[in-house]
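Reading through the structure tokens given below for one structure.
The values are calculated or read from the model by the stated rules, or taken from the named source; none is laboratory data. Note that the structure is predicted; figures quoted are calculated from it, not measured. Quick reminder, even Gly has a Cβ in these numbers, built from the backbone with ideal geometry, and neighbours come from all protein chains shown.
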Amino acid sequence: MLRYLTAGESHGKYLVGILEGMIAGLTIDTELVNRELSRRQAGYGRSPRMKIESDRIEILSGIRKSESIGGPIALLIKNRAERMEQLPSFTSPRPGHADLAGALKYNRRDLRDILERASARETACRVAVGSIARQLLREFKIELISHVVNIAGIKADTRGLSFTAIKSRVLRSKLNCGDQKAQAAMIAEIDKAGKEGDTVGGIFEVIIRGLPPGLGSYVHCDRKIDNRLAGAISSIQSIKAVEFGLGFSVSGKRGSEVHDEIFYKKGKGFYRHSNNAGGIEGGMTNGEDIVLRAAVKPISTLRRPLRSVDIVSKKPSRARFERADICVVPSAGVIGEAVAAFEIANLMLEKFGGDSLEEMKRNYQGYIKQISK
């Protein structure tokens with residue numbers, strides 16, 4: 001139902017996105033999009049470029065009088081840093097980056113041609129698209145938040161905190177972290193890595209609440225919601241692993257410790273006392289919050305470059321250093337929210353259909369009435 005396409009390079013003139021399939025009648029607040037773009041650029045450990053760029057969205061089509069009209073929505077973000085044509089060529093690929101594999105695949109001898117599109121700068125468009133998707137979700141009282149739960153092995157403790165409490169703490173945090181004590185240690189580790197010319201990774205968690213049961217399907221693998229979300233999250237640059245609920249830790253537990261017992265109460269319906277499944281069973285939402293985590297590797301551009309090989313001369317060299325971040329885990333979480341919002345919005349449209357917001361809401365309300373019996 002929904003699909004999007006992005007275009008543009010890190011230091012190109014523009015970033016461009018096209019969102020196709022959005023229903024008519026949805027009020028679009030461009031300032032909410034801009035706010036999400038600002039969140040993506042924030043976070044302790046980001047590069048100086050974040051002070052140069054101040055991303056703002058320009059909507060070129062698909063919106064009239066702040067309302068979607070059913071056609072493709074074209075989005076434009078202007079780049080303000082150096083232009084790609086003015087930047088130097090380089091031939092020493094960075095370990096961990098797309099440089100070498102991309103050069104071999106596309107038969108390029110200037111790694112600048114690979115770097116510019118492979119850069120995570122592209123995700124600005126994905127955040128803009130995801131922000132529009134989450135404005136649709138807001139019509140159904142579906143909310144998302146991300147927060148940092150680990151940086152460089154330092155773990156945040158947010159056990160027992162509600163969605164609202166985590167959100168409140170995160171919005172006041174330099175690292176989108178709900179644990180102030182852990183955050184202080186994380187910042188110290190980021191500073192240490194920066195002084196040593198190194199980088200650090202970590203883990204972010206995305207929580208999605210307000211979902212009805214039954215999004216996704218068990219009947220085909222490509223319709224499973226965990227398949228859709230895992231694919232979307234793992235497509236973000238630097239993501240190396242995704243887990244839901246208890247995730248990898250289920251391998252060391254018994255079934256009685258893992259599975260969420262089912263209860264029923266008139267007026268409330270079916271519910272659980274635990275959410276070890278992370279809100280997903282059999283490829284479908286089960287009515288509980290979706291909880292997923294993603295591991296973000298340390299950025300591959302190091303101020304003290306690793307050993308490499310010049311792709312032209314084939315002689316040993318040091319990888320090129322480009323102005324880069326020390327830590328991007330908070331920003332990766334914001335991007336995770338965006339791509340998750342897009343997938344959930346898509347599943348909502350697939351489930352409840354319609355060409356207008358009013359039609360979709362009627363279908364949704366009929367389904368909620370059906371499952372409440």
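Quick check on residue 206: is it of a type in the set (Val, Ile, Thr) and either part of a loop (DSSP other than H, G, I, E, B) or over 22 Å from residue 300 (Cβ atoms) (or both)?
Yes; evaluated as a whole, the condition is true for this residue.
With more than 27 Å from residue 213 (Cα to Cα), touching an Asp or Glu at 6+ places or on another chain (Cβ under 8 Å) and in a helix (DSSP H, G or I) as the only criterion, which of 193, 182 stands out?
Only one candidate passes the filter, namely 182.
Where residues in the stretch 301-329 are out of contact with any strand residue (DSSP E or B) (no Cβ under 8 Å at 6 or more places or on another chain) and of a type in the set (A, V, I, L, M), which of them is modelled with the lowest pLDDT?
324
Criterion first (assigned to a helix (DSSP H, G or I) and basic (Lys, Arg)) does residue 121 satisfy it?
Spelling it out, residue 121 is indeed assigned to a helix (DSSP H, G or I) and basic (Lys, Arg).
Restricting to the stretch 121-143, what's the tally of residues that are farther than 21 Å from residue 163 by Cβ, in contact with a Phe, Trp or Tyr (Cβ under 9 Å, 6 or more places away or on another chain) and buried (at least 24 other Cβ atoms within 10 Å of the Cβ)?
Counting residues in the stretch 121-143 that are farther than 21 Å from residue 163 by Cβ, in contact with a Phe, Trp or Tyr (Cβ under 9 Å, 6 or more places away or on another chain) and buried (at least 24 other Cβ atoms within 10 Å of the Cβ) gives 3.
Let me spell it out: the conditions are (1) modelled with pLDDT of 95 or more; (2) over 28 Å from residue 191 (Cα atoms); (3) in contact with a Leu (Cβ under 8 Å, 6 or more places away or on another chain); (4) among the hydroxyl-bearing types (Ser, Thr, Tyr), and residue 27 meets all of them except one. Which number is the exception?
Of everything listed in (1) modelled with pLDDT of 95 or more; (2) over 28 Å from residue 191 (Cα atoms); (3) in contact with a Leu (Cβ under 8 Å, 6 or more places away or on another chain); (4) among the hydroxyl-bearing types (Ser, Thr, Tyr), residue 27 misses just condition (3).
Only one of 103, 24 is farther than 27 Å from residue 145 by Cβ and touching a Gly at 6+ places or on another chain (Cβ under 8 Å). Can you tell me which?
Criteria check complete, one pass: 24.
Out of 156, 133, report the one residue that is of a type in the set (Gly, Ala, Ser) and more than 18 Å from the chain's Cα centre (by Cα).
So the residue among 156, 133 that is of a type in the set (Gly, Ala, Ser) and more than 18 Å from the chain's Cα centre (by Cα) is 156.
So which residues in the stretch 348-357 are in a helix (DSSP H, G or I) and in contact with a Gly (Cβ under 6 Å, 6 or more places away or on another chain), if there are any at all?
Correct list: 357 only.
Within the stretch 363-372, is even one residue part of a loop (DSSP other than H, G, I, E, B), over 30 Å from residue 11 (Cα atoms) and in contact (Cβ under 8 Å) with a residue 60 or more places away in the chain?
yes
Filter the stretch 289-324 down to the residues that are closer than 27 Å to residue 171 by Cα and either among the β-branched types (Val, Ile, Thr) or buried (at least 22 other Cβ atoms within 10 Å of the Cβ) (or both) and list them by number.
Within the stretch 289-324, 290, 291, 292, 293, 294, 296, 299 meet the criteria.
Restricting the search to the stretch 77-120, which residues are modelled with pLDDT of 95 or more, surrounded by fewer than 18 Cβ atoms within 10 Å (Cβ to Cβ) and of a type in the set (A, V, I, L, M, F, W, C)?
101, 104
Tell me yes or no: at least one residue of the stretch 277-289 is under 22 Å from residue 191 (Cα atoms) and of a type outside the set (Asp, Glu).
no
With the structure loaded, tell me whether residue 69 is touching a strand residue (DSSP E or B) at 6+ places or on another chain (Cβ under 6 Å), farther than 18 Å from residue 331 by Cα and β-branched (Val, Ile, Thr) or whether it fails that test.
In short, yes.
For every residue, the table says whether it meets (1) of a type outside the set (D, E, K, R); (2) under 21 Å from residue 334 (Cβ atoms).
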residue	(1), (2)
217	yes, no
226	no, no
234	yes, yes
240	no, yes
243	no, yes
256	yes, no
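Among the strands (runs of 3 or more DSSP E) contained in the stretch 1-115, which hold 3 or more residues that are over 30 Å from residue 201 (Cα atoms)?
In the stretch 1-115, 14-20, 57-61, 73-78 are the strands (runs of 3 or more DSSP E) which contain 3 or more residues that are over 30 Å from residue 201 (Cα atoms).
Just the residues that are assigned to a strand (DSSP E or B) and surrounded by 19 or more Cβ atoms within 10 Å (Cβ to Cβ), please, taken from the stretch 144-166.
If the condition is that a residue be assigned to a strand (DSSP E or B) and surrounded by 19 or more Cβ atoms within 10 Å (Cβ to Cβ), then 144, 145, 146, 147, 148, 149, 150, 151, 154 are the ones that fit.
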